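Enquirer: Mind looking over this structure? Questions follow.
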Amino acid sequence: MTIDNVLLRASAGTGKTFQLSNRYILLILSGKSPEKLLATTFTRKAAGEILARILQRLAIATTSEEQAIKLSDELKIDATHSRRFGEALAFLTSNLHRINVSTLDAYFAKLLTNHAYEFEIGADWAIATSGEQAAQKQLAIIELLRNLSNADFTRLMLFINKGKCNRSILHTLELTIESLLSPFYQSAATAWNGNLRGESTARILNPEQLSLAMSKIRNQMENEDCVPFLKTITTDLETLQARNWNKALRGGIFKKIVAGENTFSRKPLPDNLIAAYQPLTQHVVALKIRELENQTKATYSILFQYAEILDRIKRKTKRLEFGDVTRLLNGRGHKFASTFRMDATIEHLLLDEFQDTSLPQWNIVEPLAISICQQINSSFFCVGDVKQAIYGWRGGRREIFDCLESCLNDISSDTLEQSYRSSAVVVEFINSIFNNLDAHTNPSDHAETLKRWQKDFVPLKTVLDHVGYVEYVNATDGLGKTERLKSCLALAVNKTEQLLNTNRQMKIGILVRTNSSIAELIHLLAARGIPASEDGGNSLSNYSAVQLILSALSLIDHPQDGVARFHVEHSPLASLFGYRPDTIDTNIACRTSRDFRRQIATLGFYSVLKNLVLTLEPHVDRPQFTRLEHLLVFANTFKFSINFRIDEFIEAVQNERFSDPDASRVRVMTIHQSKGLEFDAVIIPTLESALAPRAPTYAVSRNLKTQKISEVFMYRNAEFRELLPKRYNDACKETIAESVSESLCLLYVALTRAARALYLIGPCQPSTPKSPPFTSAGIIQMAIHNIYSQTPNDVVYANGNPTWFEQLPVYETDSPHPETLPIPLAKPSQLNLSPLTSAAPSSRSGGERFRLSGVLRSSSETAKLFGIQLHYFMEQIDWAQGPYWTMATDAFNTKYGEVSPELDSHLAMFLENAPLANILNKDFYFDEPTSPLTQLTDATHETIQFTVHNEYPICAFIDGELLRGFIDRLVVMRMNELIVAVDICDYKTDRIGVGPEALQSIVSRYRPQIYAYKQSIAQMLALQPSQVGARLIFTHTGEQAAV
């Protein structure tokens, strides 16, 4: 069987998955092994759907000869016996572990795992969670800021904020860096060094030339023809003398002349006045060009430093993002070889949703695609739709799809235009929108983008005869965007309730632009008693019940947190924290904090959190309690750092993304997440999103042939862009055009999810604007009837049968009784048959007191790394014998580099004649009064044998908990091969105040942890408590204290 290389341009709903599964089944029937086939798509959900479709179609074909003939016709092959399809199904199911149907990211991850050591990453690397990613980036930014000089930092912030002052430094820097990483990783350093000054005739004036230029303007005030402009000239001069160039560009005669105009207030400007202004206008233009170039270069410099730091952190933790995997593999270019490491050679390549493939991804796949197209017994199949290219913000380039035919040999192309998804009414509506994009009367600078999209649009053709309906209705009017959005979401919930009340079997999809709208919709639906699944990812902190729990946890860690206290005080948790409306006690928060910290030290963090959730359970609805259950699951797997701060958990919850994709009839998701799905009814309530971004962070120009970024510039708004060379303006226009085109793709994807009915809910302003806005709502209304209606609660457009749902089967629940809620979490009882609760001894430290420095520090990561390094150094030492210090230093330098001055000051406490030097000598245990050897009368240097265990693992069942952890230094003492005593040494880097009271205070803090160590060792080694000694080693002050 000869199988051609095929490129399919398939519109939405035309059967892309169907065609891809056809190709896969054909290959299996022709005797190809599944390990030699690679089918990739863009999401895991789509990959699962492809594999499921393949297996389902084969399974159905085995049920009867009639079904076998049907599948044969769909595959366009001779009639095949059902037994043959059964054999193919059995072959696939027995080789599920060899099937390669996945996302490109998953395939790349497999490649990296098989070549981990070539990339110096280690085979135990993993994809970082969203919480881990946030922690990595925060640590990188903190280290970056620490490395900058004051001058560089000031200059950087001015550049990053486009010359403005901004107080939210860290937040601004995080957002800016995140938005710029994509072009940074996809471009060379030279792309950030665009020489715009070479294209401009404008030159910067020196101080003398500036004074002379201003004098010339001042002299013009004596001319009679300048009298009408004297006031404006005076104002201009004051602004120019103050060197306030930005203000000068925003008004007056100066602005007019810069813009190339020769009139002011409808009066012609004298030629001699224009000539006098000219040198200064050129001076300002040159300054702006230099400012732009400097900002771009400074931005690249900061991104380069940040990327280096972040890469080091990721390699050290062995936690990567999918983008990191692609970059690592792409670094090998066409020389990357993988065949001998993978289970088999890929001979047949099937690519789905190819329009969203990024350039780095294509660089990895292209050698394989070229090789396959050159081989006789191999095949290439690619399907995509440039109208659904909605992942440009992640690097997707639809242009790669368009140039495939010229890149690959012997490939034929075809187009799929018949929709097997949407009703005729829906298809007609979609065609009318995208065939009339140029009907918008206020496209601003985007008219060419609209025309190009309209020209390239291939109208859909309907196949199904479903009854359908399309409706566009305006919501209640509102003054601001937030108010209008709430009205639209409320109307979407009303429409959902109306559809569900028809009691028909239907799937409803509510599609929105951002994740923030999902949380609000879920809440509104729950208030009506409508269960809905939440696809994609939202932070649990978006939900009121979780917000309350987080406030309670924050109050435990920070008793004086006024915001958290107010939240808890006016909630069902108030009594648990001792708050009563009839009493005012300012000490309640501190007492409650101590009580809760005692509970955490005794029962563990999870048990305390569970008690808070159970207290809140009767006061929340089912969707809110589901989020609380997610919170408990997350807490059960969360690992605290050695310092144990509750803030760590709160921050991790805020950074982590959660979803609840159950089988509800109503699904709420973003448009991006809806790609590849279909619903009987689609409701779209977020149509006020602008199609063009207000101000992108950057602008790029690309090589039209290779699509590689050739230049990167920081973006400037329109009033400043006019001053800059054409090359820069072209880059800005190109960047904006890409954003507009992607917004149109997003609208197309949203509309084409509807199988039978489409409900559009538009925003409504109190008064009709002079011109239609450049939004989805404006595009749709102008396309369908050339008027932008703003009548509130009005049906702007309706077509089809409003009772379309009557053709659907009646909805019947599985049980005549309402579904009961899942069994709630049991109250704590003394009889616990659940798996053992696990805890670390360090979790018991703290008790009622804790270090204020631990609460106030910006991040625990630096202190954590310091502690890790100190422990690693001391782990290399058993006794102060021989070249022990040199050996420990060499081992440390190999892993971490040079010892920092701060760490060296702690380690110096163990050197000869230093305060802690005796800890590393055996004599210490004979001379020290607190040594466990003092219990033995016959202990001598000759009778006692010493063994040192650094980082000794412990595991013991203590007080109903399974304690697990590591002891820093365990000295085991034997007599006649029997253990007669042990001594536990625990290193602490805390700063201690002056005097014995300060030492005793901090010892009290760690006493529960050390007691846990002593109990564990006594249990593990079958020793009496008197045989176990323990001491805290404070490396900052050089003190040791027996516990």
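The values are calculated or read from the model by the stated rules, or taken from the named source; none is laboratory data. Just so it is clear, the model here is predicted, and its values are computed rather than measured. FYI the Cβ positions are ideal-geometry reconstructions off the backbone, even for glycines, and counts take in every protein chain you see.
Enquirer: Filter the range 385-399 for residues that are on the phi < 0 side of the Ramachandran plot and either buried (at least 22 other Cβ atoms within 10 Å of the Cβ) or not in a helix (DSSP H, G or I) (or both) and give the result.
Expert: Result: ASP385, LYS387, GLN388, ALA389, ILE390, TYR391, GLY396, ARG397, ARG398.
Enquirer: Still on this structure, I have one more. Which one of PHE946, PHE924 is surrounded by 13 or more Cβ atoms within 10 Å (Cβ to Cβ), over 48 Å from the mean Cα position of the chain (by Cα) and free of Cβ contacts under 8 Å to residues at least 12 places away in the same chain?
Expert: Result of the check over PHE946, PHE924: PHE924.
Enquirer: If you don't mind, another one. Can you find even one residue in the range 454-464 that is within 34 Å of the chain's Cα centre (by Cα), closer than 21 Å to SER11 by Cα and outside any loop (DSSP other than H, G, I, E, B)?
Expert: Yes, that holds for at least one residue.
Each row is one residue, and each column tells you yes or no for (1) among the aliphatic types (A, V, I, L, M); (2) surrounded by fewer than 19 Cβ atoms within 10 Å (Cβ to Cβ); (3) in contact with a helix residue (DSSP H, G or I) (Cβ under 6 Å, 6 or more places away or on another chain); (4) not assigned by TED's automatic domain parsing to the domain that holds VAL386.
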{"residue": "GLY15", "(1), (2), (3), (4)": "no, no, no, no"}
{"residue": "SER30", "(1), (2), (3), (4)": "no, yes, no, no"}
{"residue": "ALA46", "(1), (2), (3), (4)": "yes, no, no, no"}
{"residue": "ARG53", "(1), (2), (3), (4)": "no, yes, yes, no"}
{"residue": "LEU58", "(1), (2), (3), (4)": "yes, no, yes, no"}
{"residue": "THR63", "(1), (2), (3), (4)": "no, yes, no, no"}
{"residue": "LYS70", "(1), (2), (3), (4)": "no, yes, no, no"}
{"residue": "LEU75", "(1), (2), (3), (4)": "yes, yes, yes, no"}
{"residue": "ALA90", "(1), (2), (3), (4)": "yes, yes, no, no"}
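Enquirer: Now, a different point. Give the number of residues within the range 597-628 that are surrounded by fewer than 18 Cβ atoms within 10 Å (Cβ to Cβ), farther than 30 Å from ASP986 by Cβ and touching a residue at least 60 places away in the same chain (Cβ under 8 Å).
Expert: The qualifying residues number 5.
Enquirer: Looking only at the range 691-701, count how many residues are part of a loop (DSSP other than H, G, I, E, B) and in contact (Cβ under 8 Å) with a residue 24 or more places away in the chain.
Expert: 5
Enquirer: Another question, then. Every residue in the range 899-946 that is part of a helix (DSSP H, G or I), of a type in the set (S, T, N, Q) and farther than 21 Å from PHE873 by Cα, please.
Expert: Answer for the range 899-946, where residues must be part of a helix (DSSP H, G or I), of a type in the set (S, T, N, Q) and farther than 21 Å from PHE873 by Cα: THR934, GLN935.
Enquirer: Inspect all residues belonging to the range 416-425 and state whether any of them is assigned to a helix (DSSP H, G or I) and surrounded by 15 or more Cβ atoms within 10 Å (Cβ to Cβ).
Expert: Within the range 416-425, one or more residues are assigned to a helix (DSSP H, G or I) and surrounded by 15 or more Cβ atoms within 10 Å (Cβ to Cβ).
Enquirer: While we're looking at this one, here's another question. Since VAL101 meets every condition but one in (1) β-branched (Val, Ile, Thr); (2) outside any loop (DSSP other than H, G, I, E, B); (3) under 24 Å from the mean Cα position of the chain (by Cα), which condition does it not meet?
Expert: (3)
Enquirer: Considering only residues that are in contact with a helix residue (DSSP H, G or I) (Cβ under 7 Å, 6 or more places away or on another chain) and either assigned to a strand (DSSP E or B) or within 13 Å of ASP968 (Cα to Cα) (or both), which ones fall in the range 1015-1034?
Expert: Of everything in the range 1015-1034, those that are in contact with a helix residue (DSSP H, G or I) (Cβ under 7 Å, 6 or more places away or on another chain) and either assigned to a strand (DSSP E or B) or within 13 Å of ASP968 (Cα to Cα) (or both) turn out to be VAL1028, GLY1029, ALA1030, LEU1032, ILE1033.
Enquirer: Within the range 713-729, how many residues turn out to be at pLDDT 80 or above, of a type in the set (A, V, I, L, M) and either under 24 Å from GLY252 (Cβ atoms) or more than 35 Å from the chain's Cα centre (by Cα) (or both)?
Expert: Residues in the range 713-729 being at pLDDT 80 or above, of a type in the set (A, V, I, L, M) and either under 24 Å from GLY252 (Cβ atoms) or more than 35 Å from the chain's Cα centre (by Cα) (or both): 2 in total.
Enquirer: Let me ask you something else. Look through the range 400-415, keep the residues that are among the hydrophobic types (A, V, I, L, M, F, W, C) and over 27 Å from SER179 (Cα atoms), and return whichever of them is surrounded by the fewest Cβ atoms within 10 Å (Cβ to Cβ).
Expert: CYS407
Enquirer: Take the residues in the range 968-985 that are surrounded by 21 or more Cβ atoms within 10 Å (Cβ to Cβ) and among the charged types (D, E, K, R); name whichever of them is farthest from the chain's Cα centre (by Cα).
Expert: ASP983
Enquirer: With the structure loaded, tell me whether ALA202 is within 17 Å of PRO279 (Cα to Cα) and either part of a helix (DSSP H, G or I) or in contact with a Leu (Cβ under 6 Å, 6 or more places away or on another chain) (or both) or whether it fails that test.
Expert: In short, no.
Enquirer: Please work out which one of (1) in contact with a helix residue (DSSP H, G or I) (Cβ under 7 Å, 6 or more places away or on another chain); (2) without any contact (Cβ under 8 Å) to a residue 24 or more places away in the chain is the condition TRP453 fails and give its number.
Expert: (2)
Enquirer: Determine which single condition THR592 fails, assuming it passes every other condition in (1) surrounded by fewer than 19 Cβ atoms within 10 Å (Cβ to Cβ); (2) more than 30 Å from LYS675 (Cα to Cα); (3) hydroxyl-bearing (Ser, Thr, Tyr).
Expert: Among (1) surrounded by fewer than 19 Cβ atoms within 10 Å (Cβ to Cβ); (2) more than 30 Å from LYS675 (Cα to Cα); (3) hydroxyl-bearing (Ser, Thr, Tyr), the lone unmet condition for THR592 is (1).
Enquirer: Mind listing just one residue for me: the one in the range 426-438 that is at pLDDT 95 or above and not polar (S, T, N, Q) and, of those, surrounded by the most Cβ atoms within 10 Å (Cβ to Cβ)?
Expert: VAL426
Enquirer: I need a count of the residues in the range 1017-1037 that are at pLDDT 90 or above and either among the hydrophobic types (A, V, I, L, M, F, W, C) or within 46 Å of the chain's Cα centre (by Cα) (or both).
Expert: Selection size over the range 1017-1037: 9.
Enquirer: Now a separate question. Out of the residues in the range 210-222 meeting the condition of being surrounded by 14 or more Cβ atoms within 10 Å (Cβ to Cβ) and of a type outside the set (Lys, Arg), tell me which one is farthest from PRO270 (Cα to Cα).
Expert: Filtering first and then ranking leaves LEU210.
Enquirer: I need every pair where a residue in the range 255-279 that is more than 18 Å from TRP245 (Cα to Cα) has its Cβ under 6 Å from the Cβ of a residue that is charged (D, E, K, R), sequence separation at least 6 or different chains.
Expert: Partner pairs satisfying both residue conditions: PHE264/LYS256; PRO270/ASP225.
Enquirer: Please verify whether LEU92 is in contact (Cβ under 8 Å) with a residue 60 or more places away in the chain, of a type outside the set (Asp, Glu), closer than 27 Å to GLY384 by Cβ and in a helix (DSSP H, G or I), treating the condition exactly as stated.
Expert: In short, yes.
Enquirer: Could you count how many residues in the range 1-44 are of a type in the set (Phe, Trp, Tyr), in a loop (DSSP other than H, G, I, E, B) and at pLDDT 90 or above?
Expert: Adding up the residues that qualify gives 0.
Enquirer: Hey, among VAL982, VAL994, which residue is hydrophobic (A, V, I, L, M, F, W, C) and under 19 Å from VAL1043 (Cβ atoms)?
Expert: Just a single option satisfies the conditions, and that option is VAL982.
Enquirer: Let me ask you something else. May I ask you to list the residues in the range 465-488 that are in a strand (DSSP E or B) and either over 25 Å from PRO802 (Cα atoms) or of a type outside the set (Phe, Trp, Tyr) (or both)?
Expert: Within the range 465-488, VAL470, GLU471, VAL473, ASN474 meet the criteria.
Enquirer: Inside the range 935-949, can you point out the residues that are modelled with pLDDT under 90, touching a strand residue (DSSP E or B) at 6+ places or on another chain (Cβ under 9 Å) and not charged (D, E, K, R)?
Expert: GLN935, LEU936, ALA939
Enquirer: Something else: Could you pull out the residue among ILE346, ILE309, ILE370, ILE313 that is modelled with pLDDT of 90 or more and assigned to a loop (DSSP other than H, G, I, E, B)?
Expert: ILE346
Enquirer: Just to verify a result, which residue in the range 174-193, among those that are in a loop (DSSP other than H, G, I, E, B) and touching a helix residue (DSSP H, G or I) at 6+ places or on another chain (Cβ under 7 Å), is farthest from GLN282 (Cα to Cα)?
Expert: GLN186
Enquirer: Could you tell me how many of the residues in the range 988-1010 are part of a helix (DSSP H, G or I) and buried (at least 16 other Cβ atoms within 10 Å of the Cβ)?
Expert: The total comes to 9.
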